[in-house]
There are 4 protein chains.
Amino acid sequence: MPTTVQPAVVGATGYTGAELTRLLLKHPRCRTPLLFHDRDEAANADFAELYPWYADANASARLPIERLDWAQMQRAGVDVLFLCTPHELSRRLVPQAVERGLRVVDLSGAWRLKQATHRAVYAFEDENPQAASALDASAAYGIPELRASAIADARVVANAGCYATSIILALAAWIDGGLLDVNAGVVCDSKSGVSGAGKAATARTHFVEVSDNFSAYSVFGHRHTGEVLEQLGLERAQLQFTPHLLPIPRGIFSSIYVRARNGTRARDLDACLREFYRDAPFVRVRGSGKLPEIRFTLHTNYCDIGFAMESDGPRVLLVSCLDNLVKGASGQAVQNFNVMYGFDQREGLQ
Amino acid sequence: MPTTVQPAVVGATGYTGAELTRLLLKHPRCRTPLLFHDRDEAANADFAELYPWYADANASARLPIERLDWAQMQRAGVDVLFLCTPHELSRRLVPQAVERGLRVVDLSGAWRLKQATHRAVYAFEDENPQAASALDASAAYGIPELRASAIADARVVANAGCYATSIILALAAWIDGGLLDVNAGVVCDSKSGVSGAGKAATARTHFVEVSDNFSAYSVFGHRHTGEVLEQLGLERAQLQFTPHLLPIPRGIFSSIYVRARNGTRARDLDACLREFYRDAPFVRVRGSGKLPEIRFTLHTNYCDIGFAMESDGPRVLLVSCLDNLVKGASGQAVQNFNVMYGFDQREGLQ
Amino acid sequence: MPTTVQPAVVGATGYTGAELTRLLLKHPRCRTPLLFHDRDEAANADFAELYPWYADANASARLPIERLDWAQMQRAGVDVLFLCTPHELSRRLVPQAVERGLRVVDLSGAWRLKQATHRAVYAFEDENPQAASALDASAAYGIPELRASAIADARVVANAGCYATSIILALAAWIDGGLLDVNAGVVCDSKSGVSGAGKAATARTHFVEVSDNFSAYSVFGHRHTGEVLEQLGLERAQLQFTPHLLPIPRGIFSSIYVRARNGTRARDLDACLREFYRDAPFVRVRGSGKLPEIRFTLHTNYCDIGFAMESDGPRVLLVSCLDNLVKGASGQAVQNFNVMYGFDQREGLQ
Amino acid sequence: MPTTVQPAVVGATGYTGAELTRLLLKHPRCRTPLLFHDRDEAANADFAELYPWYADANASARLPIERLDWAQMQRAGVDVLFLCTPHELSRRLVPQAVERGLRVVDLSGAWRLKQATHRAVYAFEDENPQAASALDASAAYGIPELRASAIADARVVANAGCYATSIILALAAWIDGGLLDVNAGVVCDSKSGVSGAGKAATARTHFVEVSDNFSAYSVFGHRHTGEVLEQLGLERAQLQFTPHLLPIPRGIFSSIYVRARNGTRARDLDACLREFYRDAPFVRVRGSGKLPEIRFTLHTNYCDIGFAMESDGPRVLLVSCLDNLVKGASGQAVQNFNVMYGFDQREGLQ
């Protein structure tokens, strides 16, 4: 276990990149991260100017965001590379980074999916399909509550998607425990704040289009669906997932409708959750009859889980909340990083 | 068919009462409504002072809101009484109004439910149980797209609930047409703006508690559930309904998860909706693959309905949107009023 | 006075263009407007698809938005052209329209300023400087409460700016009446909702950048400053105007700090306002001690004005509110149109 | 200088009390604070239940909020009492606390004002006027950037008001340096998020009343005016302060309009600010032409200051931003506490 690690971040100008940079800057095991932007045309920028709210009083502490430069990384002794880049770019950069001996936490969807049918939604065009295929097989899915040992050993960690994290963490315990009748269908009605759509200014992120409004999108086709299916071992026909856009800057709320197996009581569901997450520092089981709200988790790395069971069963509403930029992205990336380097999962996250 | 009608409004100080007053003030068939407040202790107020945005430039046009006074109503020749009152008060006032020969549109939940088991959630204590029971039986459920002839003849119209309207209008066509497998379960994940919680200042309506947040409430027990079951002819076990609080002032969005019967195609679902609402001026069928958003309906009496069907069926996401203060309350009250008096449903609503 | 007029709108895809189209569609003196977009590259669109909330139930009523076409306008007998276009484009189109005999209401800043020093902020490059100069001189400034007779006669009306309208209407009465000590300075601290920045998706209009935030912009250099100076007859040194961005979709609130002349009492200020706007249907004088709020005016063509005077004088806080898309843009454009054609100012605006 | 200090908080259920409790819980020099509520009728509550977002994963760590109990405080060895109470209650509790030998940081307005004419707005009825008068004289005004030595020695620190902090910190340097013509008038147009109005549910804090709206209040009479006058040495006639309500949960933005003395240049103003706050860890001088925004300071103890000067002078727009619950209340209380006990001002605040 090293004392300190030298990280670099590609894509530090976006929302997840900025949140990640903020976390790494105060991480006790990290040296000051090298920051790169992800677009060739971008002029060099300064992190403290782009995100003054993350800067401290000493304005002299500049944090330049520069053009991606492998040689500079080598000179600086970079150990681990965090990619906050579009999936096409991650698909291209990760093999290059691995070749140079770096470990990688990729926050895009590029390396999360094991099944080619699921990967089809991304339509990757790999320069070296063989190398890509090997990485597809070896990359660890980055949700430390479920995949800690794979993450600890991995060269590449594919940080879990924001919606996927909220759904997988909510359902994993009961599915693992065999408490659900998944053939009766699992409906995930999820809602996300606007930062989930990224920093690009589009019609979908315009204040006037979003405020006082609510809408669904990517119905029957959101890219996180495959992650949920693979990680929970569900069939496509068993899961229905609809994402919606909330008029708030950040936060995810998933309302999940399931049926418990015959004879399962609320107390069984409660106990199963508590046992499953007994040693998970970032899952707060609120339990039976106690539903979390988005604000419980904002600006934290917690995923809060609660549920309500119909008095005469078997129907259950399961709710999970998290901050899409923290537990749904950059906080989880740091948590994965901690597992990769043998640090306490909580380092730099409290 | 009368030329003009004299209305009175009880509870004109609240959000639905104010919206209703605004609509009645510009209704071509209504004389200026008499306005009453619904709390004994309330001092007399003036509508134009409470709701300056509804007043026109001529500040001299005062609209006093006074203590409920049956004699004053009689002197003014009131024909129809609109109640924007808590359900306990509506339960008390409606028999008194009927006794005095008035027709009533009640916007509370007091008279909507036909089955005693459903009514139990309200725990009414009636002064005259026999009279109440007779009115329970005779009151028309106030959703004009489905119950126009009963409404036309009714002495008392129980204006449909806001959530109930959004769900019933979305599902009625397909259930009526036998296109759904309702035994596979109907999940209604509904979201409402804060005005649905009324004008009372509570922890639930405090700006700081609501903004940047999202939460579920009344899980497995919301009072509108009974309306939906009765109007759609569903069993309790077939329907799961969860209301959520959106950080916006107004609007309802219902995400409804259903399964179509074997062999049903998207075009059948689309055609069924269009045919069912062919003559309904306030239901806009957006159709297959076109989901409405809350903003499409704000400040209007429209309910917009759209859906998406899985490519290989049978799962369907059905979405309906409306403005909870208009089609979900006061606009629908005016629409019911139009039907009661034989006017065009659109009078005063465009 | 004609019975009906044929309007056309250029720039109907933007926020002011859409609001204007909505108003013209229900204007009793207007035939259905021809709609054009303002960008050469834009594909043809349909108004009812872009703005479904403005469409009525009858989906068959398509409203195509097409490429600007003078010949088509001529064939359709267009009388008046509304320009919701960037000022550079308005500067180019207005001379062409006038040449073709059309009357014009231009909603941009292209023709509002009489003094070349003020116009300098726009840096116009006119194809025909002489014609432009003549139109600069003859265009009427479009604020009907102050310039009705010029507007009635004008070929080109330069619709007043949104901030400018809120400031000019608030101050005009007292300056005209000589009740202010303008040499003591006039401070206008104005706040606008995001739609004032237009429909273009930019960093400034991104939901995440705007929500939970507040900021100032264009300090000491906003383009509306010249309008205010010219219309109120103030010197640059007498006025300080700062616009700010409010995290709401629409509405302007101007806090104006002035000093009354010695001996002026609150009742004098109040009486002056009431007298000045006695016949103005869209200015609601709330008077002394009664400050308007933005919501009083949303979705209306009203400008609400109120003030508070220090008990021992002479300092006064003057507040005006309006909806930047209605009285600050499209509503005022319709009001100007009504004056141009001799209709009641209120036609189509209530 | 002690190693650790035992704090107690009265009023821990409100917004400032909760924010303060959160800060004290992670303060390296504080033992776990005792928590009391400020209302006799309040049932005992648990902090982690009231504010789940401040609780960590270990749900067993209960933090009871109990009825105020001096004996319990004595047994626990409380050193310092933080009062997040209404000013009437602070007026009553502070003499009792001092009598018991406690040091006090009072977050209300009860002890901030030195001049009786200013105190008149609070209309205190003291049980022991003589003791109260002595405390009025001896209490230190709690703004550490300006009053550090008085705070270090004080038994009672009157934590500065939120608006007052934003205005005083912005103006203190230039007034101290004699760079302003204060006789030309100082206009402070301030805007605050809703948490500034407290946790009580009122018409003023109802989501529907606040959202999509903006309003002014307490014109010519806000209670923070006296603080600003006293701390900056201004005459009442020199200052005009108007607070406004922003539709956001937290944050203050003050737009301050001043005139520089003849011959003062922007660079002089900039240098004066930087020099004045050279050793102030929580004032970030953004300087000339760089205006802060509210989001720069949210959830931090920073006050950000920037300004813009007219090119030909002498007019200046000065802007300061802070988080009303942190630098405007609880963060500043901790900063004052640090000064009182000789700790680094930054302890527990980064």
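Name the residue, out of C:S90, C:S166, C:S192, that is within 14 Å of another protein chain (Cβ to nearest Cβ), over 27 Å from C:A271 (Cβ atoms) and crowded, with 21+ Cβ neighbours inside 10 Å.
None of the others qualify; the one that does is C:S192.
Out of C:A152, C:A164, C:A120, C:A172, I need the residue that is under 21 Å from the mean Cα position of the chain (by Cα), modelled with pLDDT under 95 and in a helix (DSSP H, G or I). Which one?
Just a single option satisfies the conditions, and that option is C:A120.
Looking at region A:12-32, I want the residues that are closer than 14 Å to A:L83 by Cβ and have a partner that is basic (K, R) with Cβ atoms under 7 Å, at least 6 apart or on another chain. Which pairs are those?
A:G14/A:K199
Return the total of residues in region C:270-306 being within 11 Å of chain D (Cβ to nearest Cβ), outside any helix (DSSP H, G or I), of a type in the set (A, V, I, L, M, F, W, C) and touching a residue at least 40 places away in the same chain (Cβ under 8 Å).
Residues that pass the stated criteria total 1.
Just name the residue that is least open to solvent (accessible area, probe 1.4 Å) out of those in region C:64-87 that are closer than 20 Å to C:V5 by Cα and assigned to a helix (DSSP H, G or I).
Looking at the filtered set, the residue picked out is C:M73.
For region A:287-324, what are the residues that are open to solvent by 10 Å² or more (accessible area, probe 1.4 Å), closer than 27 Å to A:R112 by Cβ and not β-branched (V, I, T)?
A:F296, A:L298, A:H299, A:Y302
How many of the residues making up region A:199-250 are touching a strand residue (DSSP E or B) at 6+ places or on another chain (Cβ under 8 Å), in contact (Cβ under 8 Å) with a residue 40 or more places away in the chain, within 14 Å of chain C (Cβ to nearest Cβ) and part of a loop (DSSP other than H, G, I, E, B)?
Within region A:199-250, residues that are touching a strand residue (DSSP E or B) at 6+ places or on another chain (Cβ under 8 Å), in contact (Cβ under 8 Å) with a residue 40 or more places away in the chain, within 14 Å of chain C (Cβ to nearest Cβ) and part of a loop (DSSP other than H, G, I, E, B) number 2.
Would you please name the residue that is least open to solvent (accessible area, probe 1.4 Å), looking only at residues in region C:325-347 that are within 14 Å of chain B (Cβ to nearest Cβ), assigned to a loop (DSSP other than H, G, I, E, B) and touching a residue at least 60 places away in the same chain (Cβ under 8 Å)? Show your work before the answer.
Quick first cut of region C:325-347, residues within 14 Å of chain B (Cβ to nearest Cβ) only: C:325-327, C:331, C:335, C:344-346.
Those left that are additionally assigned to a loop (DSSP other than H, G, I, E, B): C:325, C:344-346.
Restricting the remaining residues to those that are touching a residue at least 60 places away in the same chain (Cβ under 8 Å) gives C:325, C:345-346.
Details: C:L325: 12, C:Q345: 42, C:R346: 107 Å².
So, considering only residues that are within 14 Å of chain B (Cβ to nearest Cβ), assigned to a loop (DSSP other than H, G, I, E, B) and touching a residue at least 60 places away in the same chain (Cβ under 8 Å), the one least open to solvent (accessible area, probe 1.4 Å) is C:L325.
Going by the conditions given, is D:R265 buried (at least 22 other Cβ atoms within 10 Å of the Cβ), away from chain C (no Cβ under 14 Å) and not polar (S, T, N, Q)?
Considered against the rule, which asks whether it is buried (at least 22 other Cβ atoms within 10 Å of the Cβ), away from chain C (no Cβ under 14 Å) and not polar (S, T, N, Q), D:R265 comes out as no.
Residues being of a type in the set (S, T, N, Q) and crowded, with 22+ Cβ neighbours inside 10 Å: count how many of those fall in region A:14-42.
Kept after step one, since they are of a type in the set (S, T, N, Q), are these residues of region A:14-42: A:16, A:21, A:32.
Then drop every residue that is not crowded, with 22+ Cβ neighbours inside 10 Å, which leaves A:16, A:21.
Qualifying residue count, region A:14-42: 2.
Do we have any residue at all in region A:136-143 that's assigned to a helix (DSSP H, G or I) and either charged (D, E, K, R) or within 23 Å of A:S195 (Cα to Cα) (or both)? Write out each step before concluding.
Taking region A:136-143 and keeping what is assigned to a helix (DSSP H, G or I), we get A:136-138.
Within this subset, residues satisfying the condition of being either charged (D, E, K, R) or within 23 Å of A:S195 (Cα to Cα) (or both) are A:136.
Among the residues of region A:136-143, at least one is assigned to a helix (DSSP H, G or I) and either charged (D, E, K, R) or within 23 Å of A:S195 (Cα to Cα) (or both), which makes the answer yes.
Identify, from the list A:A184, A:A152, the residue that is touching a residue at least 60 places away in the same chain (Cβ under 8 Å) and not assigned by TED's automatic domain parsing to the domain that holds A:S255.
Residue meeting the stated conditions: A:A152.
Considering every residue within region D:60-74, establish whether at least one is within 14 Å of chain A (Cβ to nearest Cβ) and over 15 Å from D:L34 (Cα atoms).
Within region D:60-74 (the criterion being within 14 Å of chain A (Cβ to nearest Cβ) and over 15 Å from D:L34 (Cα atoms)), the answer is yes, since at least one residue qualifies.
Do you know which residues across region D:34-59 are away from chain A (no Cβ under 12 Å) and either part of a loop (DSSP other than H, G, I, E, B) or at pLDDT below 80 (or both)? Even if it seems obvious, please write down each step before you answer.
Initially, region D:34-59 is screened for residues away from chain A (no Cβ under 12 Å), giving D:34-47.
D:D38, D:R39, D:D40, D:E41, D:A42, D:A43, D:N44, listed by residue number.
Restricting attention to region A:209-221, does a residue exist that is β-branched (V, I, T) and crowded, with 24+ Cβ neighbours inside 10 Å?
yes
All but one of (1) open to solvent by 20 Å² or more (accessible area, probe 1.4 Å); (2) in contact with a helix residue (DSSP H, G or I) (Cβ under 6 Å, 6 or more places away or on another chain); (3) among the aliphatic types (A, V, I, L, M) hold for A:A140, so report the exception by its number.
It fails just one condition, (1).
Within region D:93-117, work out how many residues are open to solvent by 20 Å² or more (accessible area, probe 1.4 Å) and over 13 Å from the mean Cα position of the chain (by Cα).
Within region D:93-117, residues that are open to solvent by 20 Å² or more (accessible area, probe 1.4 Å) and over 13 Å from the mean Cα position of the chain (by Cα) number 11.
The values are calculated or read from the model by the stated rules, or taken from the named source; none is laboratory data. Owing to the predicted nature of the structure, the values given are computational and were not obtained by experimental measurement. For neighbour counting, all protein chains shown are included, and Cβ atoms are generated from backbone atoms with ideal geometry for every residue, glycine included. Accessible surface areas use protein heavy atoms only, side chains included; no ligands, DNA or RNA. Shrake-Rupley method; radii C 1.70, N 1.55, O 1.52, S 1.80 Å.
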